[in-house]
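Below is one structure, written out as structure tokens; the observations come after it.
Every number in this text was worked out from the coordinates using simple rules, so none of it is lab data. Since the model is a prediction, treat every value here as computed from it, not as a measurement. Don't worry about glycine lacking a Cβ; one is built from the backbone with ideal geometry, like all the others, and counts go over all protein chains shown.
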């Protein structure tokens, strides 16, 4: 292929993605799914809790598109039988958007999902919440000298949006904020953002060690997915820094149980955890808002005691809040 042909193909892919992502933004889709067979690739969009058909493209075009997306997001072009994840920058209406990419090997092709983020990270945390006055709960613990704040919830519950708004609010205080993410969800000025790169020897464990030498006030560790990352998060929390991290969980109480399953001790959690929040997105007056339940330090100690003795622990859950406001969760998955 000549350079002229390569350039034309790149422009073709850029325009195609700008069109698809642009239309996804208009209809407020959160994810774009590419599902291919031998002849065609079906594109579907996730709108609230429904996967809606969008269009069909030829398999040959999709195969070249996969290579383009991998190249632009610095994925390994030679790997097609193992999952990969990264992110790509796409310009929509002169605005640069950070789109997360996930690949998954199927029988005879790769499936790709693009994650669309509709939110702006302006540091206005209260405006995101169904109960704006609860912003002070986060600020109370973020102003401590050390400890772990854990934001949990299912997919599409607003964890990334809340986290980046908290970081931007802290940035305004002139604090040194360093993050390690896989991948970096959104590049922000004023933050030092390190991306996990296993090929270059940068994982959560080595990344945390290097971050601690960088004199941070706040450390954000993208997501706790396994026991190794969980231990890295605890290690960072024990060094006299405020650490923020996220994790998938369906409740604040189950988040504690999952951390114990990762091999963390009850003492580790009691010494580090300041706040565990679990959140959902709800539709309130035609606007998506975050609603969350939480456990503070005292409740965390009591909950861990209940878990160790197989007793029931009671606290104000999201279900009670939803009943009070007569709202329903946008994404029920």
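Against the main long axis of the alpha-carbon atoms of the chain, helix 3-26 sits at an angle near 50°.
When its C-alpha radius of gyration is set against 2.2 N^0.38 Å (N residues), the range 126-325 gives a value of 0.99. Each residue, residue 89 and residue 175, gets one label point 7 Å from its Cα in the Cβ direction; the gap between the two is 2.7 nm.
If we count other beta carbons within 10 Å of each Cβ, what is the order of 256, 130, fewest first? Walk me through the numbers before you get to the answer.
Numbers: 256 25, 130 21.
By the 10 Å Cβ count, ascending, the order reads 130, 256.
Sort 189, 161 so the one with the fewest other Cβ atoms within 10 Å of its own Cβ comes first.
Ordered by Cβ neighbours within 10 Å, fewest first: 189, 161.
Order of 202, 20 from fewest to most other C-beta atoms within 10 Å?
On the way: 202 16, 20 20.
The order, fewest Cβ neighbours first, is 202, 20.
Our helix-only sum for the chain, with -39,500 (n - 2.57) per DSSP H run of n ≥ 4 divided by its residues, gives a mean residue ellipticity at 222 nm of -10500 deg cm²/dmol.
Working from Cα pairs under 8 Å separated by at least six residues, relative contact order for the chain is 15 percent.
Packing, taken as the mean count of other beta carbons within 10 Å per residue, orders the peptides 223-235, 133-145 from highest to lowest as 223-235, 133-145.
Against the longest principal axis of the chain, how steep is helix 59-72, in degrees 0 to 90 to the nearest 10, with axes from Cα atoms? On a 0 to 90 degree scale, this one is about 50. Inter-part distance, the range 252-267 to the range 1-80, computed on C-alpha centroids, equals 39 Å. Once C-alpha pairs closer than 8 Å and six or more residues apart are averaged by separation and normalised to the residue number of the range 145-304, the relative contact order reads 32 percent. For the chain, the longest principal axis of the alpha carbon atoms and the long axis of helix 252-261 meet at an angle near 80°.
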